[in-house]
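What follows is a single structure, written as structure tokens, with notes after it.
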Amino acid sequence: MPKSKRDRKVSLTRTPRKGLEAKQALIAELRRCVDTYKYIFVFSVANMRNNKLKDVRNAWKHSRIFFGKNKVMMVALGREPSSEYKENLHKVSKHLRGEVGLLFTNRTRDEVDEWFSKFKEVDFARAGNKATYAVNLDTGPLEQFPHSMEPQLRQLGLPTALKKGVVTLLSDYEVCKEGDVLTPEQARVLKLFGYEMAEFKVTVKFLWNSETGDFQKLVGDTAEEEEEEDGDDDDSNED
């Protein structure tokens with residue numbers, strides 16, 4: 001019996017090299033930005049959406065934004081005083097946990113604070129998000145949906161049927177209560193009916209000044225973040 005091509009072994013020797021080259025290029029670019037821009041702001045993102053972050057990048061083309069690759073950013077800046085690229089950059093690295101990013105810019109703190117405090121955009125909630133308000137649907141025709149959608153609505157738990165070719169809700173239906181942790185089905189129903197509950201928001205949390213080397217906290221940490229900081233020595237490899 002001929003040997004299946006799917007059993008053929010493929011060498012992966014080049015894959016780590018390409019990955020290493022990409023990381024080295026990112027480290028070099030980050031350090032170039034350290035040398036180029038006056039300030040580094042550490043920011044966190046609530047309800048991350050790639051398209052919303054793209055809008056931020058477009059608005060800040062005069063600056064540079066890095067998001068993700070926390071481990072590589074930590075290597076570029078330095079995790080400890082002995083390995084930091086410039087004075088106090090290890091303090092920036094200390095806060096690269098979770099959904100956070102770096103903004104390299106020559107804009108002042110006031111300019112950054114003013115812009116980001118105003119930039120908030122709503123979007124549809126996802127499974128796992130909390131409902132910010134209760135949603136109830138009233139009995140009656142759902143004329144916004146084509147008849148072909150009726151089976152899908154029924155699968156999502158809605159008491160629907162076709163009446164004279166029109167999708168109809170047979171009884172009042174509670175989609176969610178305020179504070180509910182949304183299931184995938186609830187999130188889908190909310191999106192179908194146009195209810196947006198998630199707010200994409202960027203919070204600027206820390207500032208590093210390249211001219212003085214000063215590192216400054218701009219907002220207070222939550223209890224959870226403080227616990228993470230206490231365990232930084234154990235979490236040094238966390239992305």
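The values are calculated or read from the model by the stated rules, or taken from the named source; none is laboratory data. Just so we're clear, the structure is a prediction, and the values are computed from it rather than from any experiment. Cβ sites come from the backbone with ideal geometry, for glycine too, and all protein chains shown count toward neighbours. Quick note on the areas: whole protein, heavy atoms, side chains included, nothing else; ligands and nucleic acids left out. Shrake-Rupley method; radii C 1.70, N 1.55, O 1.52, S 1.80 Å.
Side notes on the structure shown:
- Relative contact order of the stretch 40-185: 22 percent, from C-alpha pairs under 8 Å at least 6 residues apart in sequence.
- The chymotrypsin sites (Phe, Trp or Tyr not before Pro) of the stretch 77-147 that DSSP puts in a loop, and whose beta carbon has at most 14 other beta carbons within 10 Å, are Phe119, Tyr133.
- Euclidean distance between Cα centres, the stretch 99-115 to the stretch 116-177, Å: 38 Å
- Largest-first ordering by accessible area, 1.4 Å probe, given options Val166, Val181: Val181, Val166
- For the residue pairs Lys177/Lys205; Lys86/Lys118; Lys38/Lys217; Lys61/Lys130; Lys54/Lys217; Lys94/Lys118, the alpha carbons lie more than 22 Å apart in Lys177/Lys205; Lys86/Lys118; Lys61/Lys130; Lys54/Lys217; Lys94/Lys118.
- Exposure ranking of Arg32, Arg109 by accessible area [1.4 Å probe, largest first]: Arg32, Arg109
- The stretch 64-120: radius of gyration over Cα atoms, expressed as a fraction of 2.2 N^0.38 Å: 1.25
- Electrostatic dipole magnitude of the stretch 66-167 [Cβ: Lys, Arg +1; Asp, Glu -1; Cα centre; debye, to 20]: 360 debye
- Size of electric dipole in the stretch 64-117: Cβ of Lys, Arg +1 and of Asp, Glu -1, about Cα centre, debye, nearest 20: 320 debye
- Selection from Gly140, Val100, Pro151, by position along the positive dipole direction of the stretch 97-177 (Cβ): Pro151
- Pairwise FRET efficiency - Glu185 versus Phe119, Cβ, R0 = 41 Å, nearest 0.05: 0.85
- Accessible area of Thr183 in the full protein assembly, 1.4 Å probe (Å², nearest 10): 60 Å²
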